[in-house]
Amino acid sequence: MPDAHALLGLQPGATPQQIKRAFRKLAMQWHPDRNADPAAAAHFRRLREAHDSLLATLLDAAETASRNDHGSASEDAAHAPRAHRPPERGADRRQTLEISIEESFTGALCAIVVPRRAPCVQCDGSGKETLSVSQLCPSCGGTGRLRAPAGLVRCPDCDGRGYRSACPCSVCAGSGEQTIERTLEVRIPAGVVDDDELRLAGEGDPHANPGHPPGDLRLRIRLAPHPLFRRDGRDLILQRPVSALRLLIGGTIRVPHPAGLRSLRIEPGLAHPRSLRIAGAGFPARAKWPAGDLVVEFEPLLPHSPDTALHDLIDQLDRALAASADHHFPELARWEADWLNEH
């Protein structure tokens, strides 16, 4: 590629590091995933070819110099690094996959749609369609020439003929490529959480050279918001309203859980907000990360407008508690002692 340096904005003699740095900078601008221009994919492919061509040329030159320096006895050694170098791959694709908290706990089989650039079926990748009748070139108005600072120059759109017998493809807008969608089934392992990444080998972008393998597809996991649960690290947090009376006397209650209902034992205590931690009942273990905990945050509730039939029971309970107010209601006992006793 005689214009490979110019395409990457480099001067002849650029080092491998400069070539790679220039390609990375331009790839961020022209990758089809980032640039909606119909010509972006074709230009990105040319940038990749320029990058690969320049690096291959430098490698060949280095091996030739090595053979000249060390003679034929070192020829095998000069070839060894190249022989063992892993083949270059196409670019990796990145997508976000949203799953539910329930799917994170149990694992799931999800279908994802993967867009991919492919040769346009309308123009067979040429980017042009043949016109049934020749037309005047719209760029030069049929003159075959365009005005430039240095004078008249040949019109590049019609090659100076003043007319054209082909036009940009109506399907791909002249890029020669179109986006096709493919559906893949992905097995989600249990225990993945936000920002975890799954890699699907060979499902990324194809390499410009058909002899090279494609890149990989990297799926970034995102947990969908849940109306009941939230995540703190690998801990699963649940807010559970509960009767204040149950918190006082303790007992067994049921709580929802992504893997199914669970029964929990509450110890007797104050009817104040408190939490209960169940070790290992949070997000499942994965790789080096151990399982998290289930944290149930209790919100005590008092009865609203109890029925008349309950008034006697509540009155009996209140009198029984008041008989030992120093124990059951120490704040109330102190207040009544200070303000209700006659002096």
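The values are calculated or read from the model by the stated rules, or taken from the named source; none is laboratory data. Please read these numbers as outputs of a predicted model, since none were measured by experiment. FYI the Cβ positions are ideal-geometry reconstructions off the backbone, even for glycines, and counts take in every protein chain you see. Heavy atoms of the whole protein, side chains included, go into the accessibility calculation; ligands, DNA and RNA do not. Shrake-Rupley method; radii C 1.70, N 1.55, O 1.52, S 1.80 Å.
In segment 179-200, the residues that are hydroxyl-bearing (Ser, Thr, Tyr) reach residues that are surrounded by 11 or more Cβ atoms within 10 Å (Cβ to Cβ) and assigned to a strand (DSSP E or B) with C-beta atoms within less than 9 angstrom, at least six apart or across chains, in these pairs: 179/115; 179/116; 179/117; 179/118; 183/112; 183/114. If the condition is being open to solvent by 20 Å² or more (accessible area, probe 1.4 Å) and farther than 24 Å from residue 32 by Cβ, then segment 156-184 contributes 156, 157, 159, 160, 161, 163, 164, 165, 166. Residues in segment 263-295 that are of a type in the set (A, V, I, L, M) and in a loop (DSSP other than H, G, I, E, B): 270, 271, 279, 281, 285, 287, 291. Here residue 263 meets the list (1) of a type in the set (Gly, Ala, Ser); (2) under 22 Å from residue 189 (Cβ atoms); (3) without any contact (Cβ under 8 Å) to a residue 40 or more places away in the chain almost entirely, failing just condition (2). Given the options 312, 293, 318, name the one that is open to solvent by 100 Å² or more (accessible area, probe 1.4 Å), on the phi < 0 side of the Ramachandran plot and charged (D, E, K, R). Only one candidate passes the filter, namely 312.
Looking at 284, 256, 273, 300, which is the one that is under 38 Å from the mean Cα position of the chain (by Cα) and in contact (Cβ under 8 Å) with a residue 40 or more places away in the chain?
284
Comparison of 227, 241, 213 shows that the only residue that is out of contact with any helix residue (DSSP H, G or I) (no Cβ under 9 Å at 6 or more places or on another chain) and surrounded by 14 or more Cβ atoms within 10 Å (Cβ to Cβ) is 213. Of 299, 331, all but one fail to be modelled with pLDDT under 95 and not aliphatic (A, V, I, L, M); the exception is 331. Could you check segment 20-39 and list, in sequence order, the residues that are without any contact (Cβ under 8 Å) to a residue 40 or more places away in the chain, surrounded by 17 or more Cβ atoms within 10 Å (Cβ to Cβ) and over 20 Å from residue 212 (Cα atoms)? Scanning segment 20-39 gives 22, 26, 30.
Conditions (1) open to solvent by less than 40 Å² (accessible area, probe 1.4 Å); (2) out of contact with any helix residue (DSSP H, G or I) (no Cβ under 8 Å at 6 or more places or on another chain); (3) modelled with pLDDT under 85, marked per residue:
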{"residue": "106", "(1), (2), (3)": "no, yes, no"}
{"residue": "111", "(1), (2), (3)": "no, yes, no"}
{"residue": "118", "(1), (2), (3)": "yes, yes, yes"}
{"residue": "128", "(1), (2), (3)": "no, yes, yes"}
{"residue": "144", "(1), (2), (3)": "yes, yes, yes"}
{"residue": "149", "(1), (2), (3)": "no, yes, yes"}
